[in-house]
Amino acid sequence: MENLYDKTKFILKKYNISANKSLGQNFLINDDVVNKIIESSDITDNDLVIEIGPGLGNLTEFLLEKAGKVIAIELDQRMITILNERFSLYNNFELINEDVLKVNLKELINKNKNSKITNVKIVANLPYYITTPIIMKLLEDKLDIETITVMVQKEVADRLIAVPGEKVAGAITYSVYYYATSESISIVERNSFIPEPEVSSEVIKLTIRKEFPVKLLSEENFFKIIKASFMQRRKTLINALVNGGILQNKDEVKRVFDNLKIDYNTRGETLPIEKFAEISNYIIKNKF
Ligand code: SAM
């Protein structure tokens, strides 16, 4: 079979197009990496796969062979023309020409689930300029999905799949950890793409939890606290909570900390998720 590098070059030439950098277009040309993505996503014919940013269709082709149905969401009209021609013979393919951040995924999933299509999986080589909003949308919308297998920048991957409290953790680490378990599938070098991105990449897999790891009285308050503490991650948590408008003054924070046995010098970045949950629930319960 023709390899992905030759196929990609051929399609780009045939349609006389080049990658649009501002849309984060880096086409995957490494057959081994594509195989790894497909294998690790565990796709069966009971699955609806939603692919974000199919581009020229380098992953899509393999998804179509395995999935009950593939819905690909692509913003670039040039790609739509190519994908429509390339996959017109597949009856399990649907293409949506839209910004993924504007698509009502909940509705889309409800419409497509039936007695044959019972599970939903997200698979993508994501456009890097909007990785975080896409991941957050997929998680926060509480979609009825099983897994998210995506290629992202390696540096972002490190933060997404860290354990809360680890050095590389950021506010988003806590969100991912709350909604999903995570694993690294493969580190991917720059030369696996045309054009080469400026940084290394990584394929990660998130498996949506059936039960959350902490019980929260208010998710909104919990994530607000985490955001406030990471906005000022070099400061003590006491300062970050006051400056972030979570509590009015240091004395109020100290009262909370006394009750929860948290050291006054603690910095948010070292705090496990359970402690953030305790702080958040205490504040809600005691109506600060
Ligand atoms: N899946 C292809 C591959 O692996 O070769 C292309 C991946 S490329 C990194 C990202 C793709 O996302 C591009 O095709 C780009 O046009 C598309 N894209 C960028 N922004 C988008 C958006 N807001 N909504 C949907 N697709 C988008």
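The values are calculated or read from the model by the stated rules, or taken from the named source; none is laboratory data. Here the structure is a predicted model, which means the values were calculated and not measured. We place every Cβ from the backbone using ideal geometry, glycine too, and count neighbours over all the protein chains shown. Surface areas here come from the heavy atoms of the whole protein model, side chains and all, with no ligands, DNA or RNA. Shrake-Rupley method; radii C 1.70, N 1.55, O 1.52, S 1.80 Å.
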**OP:** Return a yes/no flag: does region 112-120 have any residue that is within 15 Å of the ligand (Cβ to nearest atom) and either surrounded by 13 or more Cβ atoms within 10 Å (Cβ to Cβ) or among the polar types (S, T, N, Q) (or both).
**Re:** no
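Residues checked against (1) part of a loop (DSSP other than H, G, I, E, B); (2) open to solvent by less than 40 Å² (accessible area, probe 1.4 Å); (3) of a type in the set (A, V, I, L, M, F, W, C); (4) over 21 Å from Ile130 (Cα atoms):
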residue: Glu202; (1), (2), (3), (4): no, yes, no, no
residue: Phe212; (1), (2), (3), (4): yes, no, yes, yes
residue: Phe222; (1), (2), (3), (4): no, yes, yes, yes
residue: Ile225; (1), (2), (3), (4): no, yes, yes, yes
residue: Leu247; (1), (2), (3), (4): yes, yes, yes, yes
Original post:
Looking at Ile73, Ile50, which one is within 14 Å of the ligand (Cβ to nearest atom), free of Cβ contacts under 8 Å to residues at least 60 places away in the same chain and either of a type in the set (Asp, Glu) or outside any loop (DSSP other than H, G, I, E, B) (or both)?
Top reply: Ile73
Original post:
Quick check, is Asp32 away from the ligand (no atom under 13 Å from the Cβ) and either assigned to a helix (DSSP H, G or I) or of a type in the set (S, T, N, Q) (or both)?
Top reply: yes
**OP:** Among the residues of region 86-102, write down those that are of a type in the set (A, V, I, L, M, F, W, C) and touching a Lys or Arg at 6+ places or on another chain (Cβ under 9 Å).
**Re:** Phe93, Val100, Leu101
Original post:
Tally time: how many residues in region 22-39 are in contact (Cβ under 8 Å) with a residue 60 or more places away in the chain and either open to solvent by 80 Å² or more (accessible area, probe 1.4 Å) or of a type in the set (Gly, Ala, Ser) (or both)?
Top reply: 3
**OP:** Keeping to region 135-155, report how many residues are in contact (Cβ under 8 Å) with a residue 40 or more places away in the chain and in a helix (DSSP H, G or I).
**Re:** 4
**OP:** Could you list, in sequence order, all residues of region 121-132 that are open to solvent by 10 Å² or more (accessible area, probe 1.4 Å) and either in contact with a helix residue (DSSP H, G or I) (Cβ under 6 Å, 6 or more places away or on another chain) or near the ligand (Cβ under 9 Å from one of its atoms) (or both)?
**Re:** Asn125, Pro127, Tyr128, Tyr129, Ile130
**OP:** Tell me which residues, restricted to region 81-95, are assigned to a loop (DSSP other than H, G, I, E, B), under 27 Å from the mean Cα position of the chain (by Cα) and aromatic (Phe, Trp, Tyr).
**Re:** Phe87
Original post:
What about Asp45, is it over 22 Å from the mean Cα position of the chain (by Cα), more than 8 Å from the ligand (Cβ to nearest atom) and assigned to a helix (DSSP H, G or I)?
Top reply: no
